[in-house]
Amino acid sequence: MFSPVRPLLAAAVLGALSWPAFGQQKTIVLRAARMFDGHEMRTPGLVVVSGSRILGVGPRASIPAGAQVIDFGEATLSPGFIDAHTHLSFMYTADYRQGLLDSLQQTIPEQTLRATDNLKKTLMAGITTARDVGSSDFMDVGLRNAAAAGVIPGPRMLVAVRAIGATGGHCDEQNGFRAGPSG
C-alpha cells in the first residue's frame, strides 16, 4: 500500500545527506523499491553517498564493502526539491500583526538563531535548495553562509537580501505601523 510518509522520509534523508557536515566520509547506501532520477523511474532505487558526495545511483550502482545500508522498503527515492520562494528568516505565526510586535522585542541575533530551525525543517522536508526572496538585516546572508560552511543544517540558499514589492503590499516595511512620533 502506498504511504506518502515513506517517500517524504526518503527525500528528507537525501536532504540531510546534502548537509556538508553530515557523516563526513562515511559511505551510506539508500535503498528503496524505486527511484526517480529526474528523468525516469528506476527499479530498484539505490543511492550511494560518501560524505556530501553522491558516488552512484540506480540499479547498477556498486555498494562498497562496509557501507551502511538504509532500506526504505517500498518507498520511492527522489532528488532534493527546490523551493523558489521562501522567507526562511521569518517565523510563522497565525496572527501576523502580533508576530510583528513580538519580533520587535527580539534582537537580530535572536531572530537569526530562531530562523535556524526553519532551515533545518526545510532541509528535513527534502528541500535541498531554497531561494530566499526577502529578509532583513542580512539574516539570509548569515544563514546561507552558515549552512554552506556546515555550521548549521540547511539547504543551499540563493538570497535576495531585500524584497521588492508594491507600496502597501506584503513587502512594505511599514506594515501598518507608523514610524516615528505621531502628530
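Some values worked out for this structure:
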{"read-out": "Any hit, the range 108-117, residues being farther than 28 Å from I54 by Cβ, open to solvent by 90 Å² or more (accessible area, probe 1.4 Å), touching a residue at least 12 places away in the same chain (Cβ under 8 Å) and among the basic types (K, R)", "value": "yes"}
{"read-out": "Among (1) part of a loop (DSSP other than H, G, I, E, B); (2) touching a Lys or Arg at 6+ places or on another chain (Cβ under 9 Å) - the single one A130 does not satisfy", "value": "(1)"}
{"read-out": "Residue match in the range 154-174 (condition: under 30 Å from R42 (Cβ atoms), touching a residue at least 60 places away in the same chain (Cβ under 8 Å) and either in a helix (DSSP H, G or I) or charged (D, E, K, R) (or both))", "value": "yes"}
{"read-out": "Qualifying residues in the range 34-45 (those that are at pLDDT 90 or above and over 22 Å from the mean Cα position of the chain (by Cα)) - the one least open to solvent (accessible area, probe 1.4 Å)", "value": "G45"}
{"read-out": "Extreme residue, modelled with the highest pLDDT, among residues of the range 48-71 that are under 25 Å from L119 (Cα atoms), open to solvent by less than 20 Å² (accessible area, probe 1.4 Å) and touching a Lys or Arg at 6+ places or on another chain (Cβ under 8 Å)", "value": "S50"}
{"read-out": "Filter result for L123 (touching a helix residue (DSSP H, G or I) at 6+ places or on another chain (Cβ under 6 Å), assigned to a loop (DSSP other than H, G, I, E, B) and not aromatic (F, W, Y))", "value": "no"}
{"read-out": "Residues (closer than 30 Å to F138 by Cα and in a strand (DSSP E or B)) located in the range 39-96", "value": "R53, F81, I82, D83, A84, H85, T86"}
{"read-out": "Qualifying residue in the range 88-104 (condition: touching a strand residue (DSSP E or B) at 6+ places or on another chain (Cβ under 8 Å) and either more than 27 Å from E40 (Cβ to Cβ) or not aromatic (F, W, Y) (or both))", "value": "yes"}
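The values are calculated or read from the model by the stated rules, or taken from the named source; none is laboratory data. All values derive from a computational prediction rather than experimental measurement. Note that each Cβ is placed from the backbone with ideal geometry, even for glycine, and that neighbours are counted across all protein chains shown. Heavy atoms of the whole protein, side chains included, go into the accessibility calculation; ligands, DNA and RNA do not. Shrake-Rupley method; radii C 1.70, N 1.55, O 1.52, S 1.80 Å.
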